[in-house]
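S.K.: My questions will all concern the structure given below.
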Amino acid sequence: RAPLKITMTNANDTVLCDGQSFTYKSTASGGNNNYQYQWLSNGVLTSNNDSVEIKHNTTQATTKILQVVLSDGCTPN
């Protein structure tokens, strides 16, 4: 089977002002089609879907590092 692969839309850095939100979406291919997602924001699990919404809710400047981990329950990642 084809290797497990993930593609993110809107993968660029994004600047949000207080009260704004942004949705990141990923698309998987390869593997055995039993895709499982884990979105981490600064190392904390925030979503198990193919997308995640990040909302900025403070007047202070902050930096969030967003990571998505893809697995299919069979293919090593």
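The values are calculated or read from the model by the stated rules, or taken from the named source; none is laboratory data. Just so we're clear, the structure is a prediction, and the values are computed from it rather than from any experiment. Glycine also receives a Cβ, built like all others from the backbone with ideal geometry; neighbour counts cover every protein chain displayed. These accessible areas exclude ligands, DNA and RNA; they are computed on the full protein's heavy atoms, side chains included. Shrake-Rupley method; radii C 1.70, N 1.55, O 1.52, S 1.80 Å.
S.K.: Name every residue in region 18-37 that is under 14 Å from His56 (Cα atoms) and open to solvent by 80 Å² or more (accessible area, probe 1.4 Å), in order of residue number.
M.R.: Across region 18-37, the qualifying residues are Asp18, Gln20.
S.K.: Can you confirm whether Ala2 is closer than 18 Å to Asp72 by Cβ, of a type in the set (Gly, Ala, Ser) and part of a strand (DSSP E or B)?
M.R.: no
S.K.: Of all residues in region 41-71, which are open to solvent by less than 60 Å² (accessible area, probe 1.4 Å), farther than 17 Å from Asp13 by Cβ and part of a strand (DSSP E or B)?
M.R.: Residues satisfying the conditions are Ser47, Ser51, Val69, Leu70, Ser71.
S.K.: Continuing with the same structure: Which residues, taken from region 5-35, are of a type outside the set (Ser, Thr, Tyr) and either assigned to a strand (DSSP E or B) or touching a Gly at 6+ places or on another chain (Cβ under 9 Å) (or both)?
M.R.: Scanning region 5-35 gives Lys5, Ile6, Met8, Phe22, Lys25, Ala28, Gly31, Asn32, Asn34.
S.K.: Kindly provide the set of residues from region 1-15 that are surrounded by 13 or more Cβ atoms within 10 Å (Cβ to Cβ) and out of contact with any strand residue (DSSP E or B) (no Cβ under 6 Å at 6 or more places or on another chain), ordered by number.
M.R.: Listed by number, the list holds a single entry, Leu4.
S.K.: Something else about it: Against the definition (more than 24 Å from Cys74 (Cβ to Cβ), over 14 Å from the mean Cα position of the chain (by Cα) and of a type in the set (Val, Ile, Thr)), how does Thr59 come out, yes or no?
M.R.: Yes; evaluated as a whole, the condition is true for this residue.
S.K.: Can Leu40 be described as under 15 Å from Ser71 (Cα atoms) and either among the aliphatic types (A, V, I, L, M) or more than 14 Å from the chain's Cα centre (by Cα) (or both)?
M.R.: yes
S.K.: Let me ask you something else. Using beta carbons and a limit of 8 Å, which pairs, at least six apart or on different chains, have the first residue in region 17-39 and on the phi > 0 side of the Ramachandran plot and the second one in a strand (DSSP E or B)?
M.R.: Gly19/Lys55; Gly30/Lys5
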